[in-house]
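Enquirer: The structure is given below, and queries will be raised subsequently.
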Amino acid sequence: HLAIAEQKTTLYLPSSNADHFTKVKPTKKAGAEIKYGPYAAGSEPEPSDANIVVVVEYPEALLSIEKVTREMTISSWSDIEVQEHYHLKNVGPSFKDGFSRVEYSRNPLRYVLDDFVLSVPPMAHSFFFIDVLGNITTAKLRYESDKVEVEAEPRFPIVPGWQTHFTFGYKLPKEGFVGDTAASGGKKFVIGALPALAVNVKNLTVNVAVPEFSTNLGASSSFPFRRSKTAIGVKKWYMDIFSRPMWTLELQEVSAEAEVVVEVEWQEPAMLHLKEPAMVAAALTVLAFLALVYSASDFTL
């Protein structure tokens, strides 16, 4: 247990206009900041005054990722497949008299979401953006030195109180993310756990699937002061004979500014990288054999 000698809370507001805020001595408002405290040990506010309420105008879309599942599948032969399945909601106050899309087209409102930006590593490629109706083509790529930004538009404006589901995916090269472990002679995968959309997350699930036939799967994450849940399971993927090991991390209430890194280690057979080429070669051999049998056969009556 930690002993707290002094406590101070500072709220940073989107503007200096605050219609109302709870005043608990000592309280100081300066511009767009409200400071509570400092409170020395033993002089904290009474429990009835511990909850504060601040009413302030926020003219932007107030977004929350209700749930996102981040799937990362590591191939023994090619790239790392990344898919992020989003449940995104605009949690701002709902419209009192309903929403008119015709009126919105004439007079756009800043607190209605009509586009957002997803940031991924600069070496990412093979992007896709889909929802339950299929491919969404309203997305633009902007390449920068340290990242790639995807400017995406949902299929419809996200009005306060509305929500949407979509999947964003891309591929990463194994170089720079997957390396060898000197101690065990196995493989190690290190990557940030947060999704490409920088919004606070209520429920985050990270699944890392390693190549088929891998063993000794283990992982860790850096997420201080929060409880997390981990599990080991399996996942069926393309060209898998059976299934591949998968490590799962579940977190709740994750800030968009948090730094969460996952590190996954495993052992894989020395000849594992030949599995996919061998399967392709076997399939081509079977096709060639069937073609040979067909050409040598006589189907006339």
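Enquirer: Relative contact order for segment 83-190: what percent, with Cα pairs under 8 Å and sequence separation of 6 or more?
Expert: On the way: 170 pairs, mean separation 40.6, N = 108.
Here the relative contact order equals 38 percent.
Enquirer: Hey, another quick one. Note down the nm distance, to one decimal, between modelled labels 7 Å out along Cα→Cβ at Lys67 and at Ser94.
Expert: Rounded to a tenth, the inter-label distance reads 2.1 nm.
Enquirer: Return the calculated 222 nm mean residue ellipticity for the chain, to the nearest 500 deg cm²/dmol, obtained by summing -39500 (n - 2.57) across DSSP H runs with n ≥ 4 and dividing by the residue count.
Expert: Values: 2 runs with 28 residues, N = 301.
Rounded to the nearest 500, the figure is -3000 deg cm²/dmol.
Enquirer: Right, next: With charges set only on the Cβ (+1 for Lys and Arg, -1 for Asp and Glu), what does the dipole of segment 47-103 come to about its Cα centre, in debye to the nearest 20?
Expert: Details: 5 positive and 10 negative charges, 34 e Å.
For this selection, approximately 160 debye.
Enquirer: Let me know the charge dipole size of segment 203-301 about its Cα centre in debye, to the nearest 20, where only the beta-carbon of Lys, Arg (+1) and Asp, Glu (-1) is charged. Present the calculation step by step, with values, prior to reporting the outcome.
Expert: Numbers: 7 positive and 11 negative charges, 50 e Å.
Dipole size: approximately 240 debye.
Enquirer: Report the FRET efficiency, 1/(1 + (r/R0)^6), for Ser78 and Ala296, where r is their Cβ-Cβ distance and R0 is 45 Å, rounded to 0.05. Write out the running numbers ahead of the final one.
Expert: On the way: r = 37 Å, r/R0 = 0.81.
Calculated value: 0.80.
Enquirer: If you don't mind, there's one more thing I want to ask. Nearest 20 debye, what's the magnitude of the dipole of segment 255-301 about its Cα centre given +1 on Lys and Arg Cβ and -1 on Asp and Glu Cβ? The partial results should precede the final answer.
Expert: On the way: 1 positive and 7 negative charges, 106 e Å.
Computed charge dipole of segment 255-301: roughly 520 debye.
Enquirer: Which whole-number percentage describes the relative contact order of segment 48-116, with Cα contacts under 8 Å and a sequence gap of 6 or more? Please report the intermediate quantities before stating the final value.
Expert: On the way: 62 pairs, mean separation 23.7, N = 69.
34 percent.
Enquirer: Taking 8 Å as the Cα distance limit and 6 or more residues as the minimum spacing, I'd like the relative contact order of the chain as a percentage. Write out the running numbers ahead of the final one.
Expert: Working: 585 pairs, mean separation 50.1, N = 301.
For the chain, the relative contact order is 17 percent.
Enquirer: Excluding Lys171 itself, what net charge comes from residues whose Cβ is under 11 Å from its Cβ, given Lys and Arg +1 and Asp and Glu -1?
Expert: On the way: positive: Lys174; negative: Asp79, Glu81.
So the surrounding residues net to -1.
Enquirer: Continuing with the same structure: Along the charge dipole of the chain, pointing to its positive end and built from +1/-1 on Cβ of Lys, Arg, Asp and Glu, which listed residue (Gly179, Leu204, Val280) has its Cα farthest out?
Expert: Leu204
Enquirer: Continuing with the same structure: Using a probe radius of 1.4 Å on heavy atoms only, what accessible surface per residue do you get for the chain? Whole Å² is fine.
Expert: Details: 18480 Å² over 301 residues.
With all protein chains present, the chain gives 61 Å² per residue.
Enquirer: Ok, one more. If I compute solvent accessible area with a 1.4 Å probe over the protein chains, what percent of it on the chain is carbon and sulfur? Numbers along the way, then the final one.
Expert: Numbers: 10250 of 18480 Å².
Its accessible area is 55 percent carbon and sulfur atoms.
Enquirer: Using 20 Å as the Cα-Cα cut-off, could you pick out the over-long pairs in Lys174/Lys275; Lys67/Lys236; Lys147/Lys171; Lys29/Lys202; Lys187/Lys275?
Expert: Working: Lys174/Lys275 17 Å; Lys67/Lys236 22 Å; Lys147/Lys171 14 Å; Lys29/Lys202 30 Å; Lys187/Lys275 17 Å.
Over 20 Å apart, Cα to Cα: Lys67/Lys236; Lys29/Lys202.
Enquirer: Right, here's the next one. At 7 Å along Cα-to-Cβ for each site, give me the label-to-label distance between Ser243 and Ser255 in nm.
Expert: Label-label distance for Ser243 and Ser255, simple model: 3.8 nm.
Enquirer: Report the calculated FRET efficiency for Lys25 and Ala198 (r = Cβ-Cβ distance, R0 = 25 Å), to the nearest 0.05. Write down the numbers at each step before the final one.
Expert: Values: r = 36 Å, r/R0 = 1.46.
E(calc), rounded to 0.05, equals 0.10.
The values are calculated or read from the model by the stated rules, or taken from the named source; none is laboratory data. Because the structure is predicted, anything quoted here is derived from the model rather than measured. Every residue, glycine as well, gets a Cβ built from its backbone with ideal geometry; the counts of neighbours run over all protein chains shown. All accessible areas refer to the heavy atoms of the entire protein, side chains included, with ligands and DNA or RNA removed. Shrake-Rupley method; radii C 1.70, N 1.55, O 1.52, S 1.80 Å.
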